[in-house]
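Heads up, the thing below is written out as structure tokens.
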Amino acid sequence: MPSVIPATNVGVMPTDPSHSVTPEGNASRFVDILLEFARHRTLTAAQISKTTGIPASAVYRHLALLVQSGLVAQTRRRGQYSAGPETLRLAANFHQEAMVKGRISEQLQLLSDETQELAAYLVVRGADALCVDAIEGPQMLRCSYSPGSSLPLLKGASAMALLAHLDPQEQSRIVAGLGLSSEDADNLNHELQLVQGRGFGLSYGAVDAGVWGVSFPVFDDGGRLLGAVSTMAPADRAVRREKQLIASTRDAALALGHGEGSR
């Protein structure tokens, strides 16, 4: 009698567990492998497999792609790998960004100490003005801008200083997306021309009732807009020393922009 092959075994092929991974799991493996090189100077595929639990065959495939991208490099010793040259660029960018953030906070603290008012740094994010950092003065000010908050680029000294100094095409795109009537759009464009000609934004209660604000754009060495430095204060207190507040804010913007803060 001929032997019968159980139906459950027909067409069944052994499965390599390293292949049955979701895209999310695959990305996670890349991260896990890269993190190993943050902890160890050199590693072999076997060592990576042991510490991460990733099958050795998958480790080799991931390493090949990481070597190709420059994030991992093969060492002179056969079978060993180390962090690649691109990680140096990542580290340099991280260091530079941390230095910039520290310099912004330092400059805002100096500005707030000098004016005794709220000092803030804002950038353009999409069609909004995003507050990156802010230093309160001795007296708390009820203001819509705090670190991490954002408002449309529509009104107020900070929004006007940013919007007025954007690339003309980007400025037009943002204004068109604000949903303004033809008359309101014309009025906004006229105000932007005034701000650009003056070199800074100035407002009284435009965003928050009773709050005065001044904002100067910050440019890089090539004249590209980086952000804006703003001082905000109660209007009744600011009007008595408006010139001083404007001058102090201008100086802070110049210091952050290496002399390109106002043009």
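Could you tell me whether any residue of region 91-112 is surrounded by 14 or more Cβ atoms within 10 Å (Cβ to Cβ) and free of Cβ contacts under 8 Å to residues at least 24 places away in the same chain?
Scanning region 91-112 turns up no residue that is surrounded by 14 or more Cβ atoms within 10 Å (Cβ to Cβ) and free of Cβ contacts under 8 Å to residues at least 24 places away in the same chain.
Anything in region 49-72 that is in a loop (DSSP other than H, G, I, E, B) and without any contact (Cβ under 8 Å) to a residue 24 or more places away in the chain? List them, or say none.
Within region 49-72, G53, G70 qualify.
Can you find a residue that is under 21 Å from R250 (Cβ atoms), free of Cβ contacts under 8 Å to residues at least 12 places away in the same chain and of a type outside the set (K, R) anywhere in region 114-124? Outline the logic, then answer.
Going through region 114-124, the residues under 21 Å from R250 (Cβ atoms) turn out to be 114-124.
Still in the list and also free of Cβ contacts under 8 Å to residues at least 12 places away in the same chain: none.
There is no residue in region 114-124 that is under 21 Å from R250 (Cβ atoms), free of Cβ contacts under 8 Å to residues at least 12 places away in the same chain and of a type outside the set (K, R).
I'd like to verify a number: residues in region 203-225 that are at negative phi and surrounded by fewer than 19 Cβ atoms within 10 Å (Cβ to Cβ), how many?
Residues meeting the conditions: 8.
Please work out which residue is surrounded by the fewest Cβ atoms within 10 Å (Cβ to Cβ), limiting yourself to region 130-144 and to residues that are touching a residue at least 60 places away in the same chain (Cβ under 8 Å) and of a type in the set (G, A, S).
S144
Go through region 113-129 and give me each residue that's surrounded by 16 or more Cβ atoms within 10 Å (Cβ to Cβ) and either not in a loop (DSSP other than H, G, I, E, B) or not assigned by TED's automatic domain parsing to the domain that holds S181 (or both). Let's see the steps before the verdict.
Applying the first criterion (surrounded by 16 or more Cβ atoms within 10 Å (Cβ to Cβ)) to region 113-129 yields 114-115, 117-124, 127-129.
Answer for region 113-129, where residues must be surrounded by 16 or more Cβ atoms within 10 Å (Cβ to Cβ) and either not in a loop (DSSP other than H, G, I, E, B) or not assigned by TED's automatic domain parsing to the domain that holds S181 (or both): E114, T115, L118, A119, A120, Y121, L122, V123, V124, D128, A129.
Quick test of your reading of the structure: D221 fulfils all but one of (1) in contact with a Ser or Thr (Cβ under 9 Å, 6 or more places away or on another chain); (2) of a type outside the set (V, I, T); (3) at pLDDT below 90. Name the failing condition by number.
Of everything listed in (1) in contact with a Ser or Thr (Cβ under 9 Å, 6 or more places away or on another chain); (2) of a type outside the set (V, I, T); (3) at pLDDT below 90, D221 misses just condition (1).
The values are calculated or read from the model by the stated rules, or taken from the named source; none is laboratory data. Quantities reported herein were computed from a predicted structural model and do not represent experimental measurements. Every residue, glycine among them, receives a Cβ derived from its backbone with ideal geometry; neighbour counts consider all protein chains shown.
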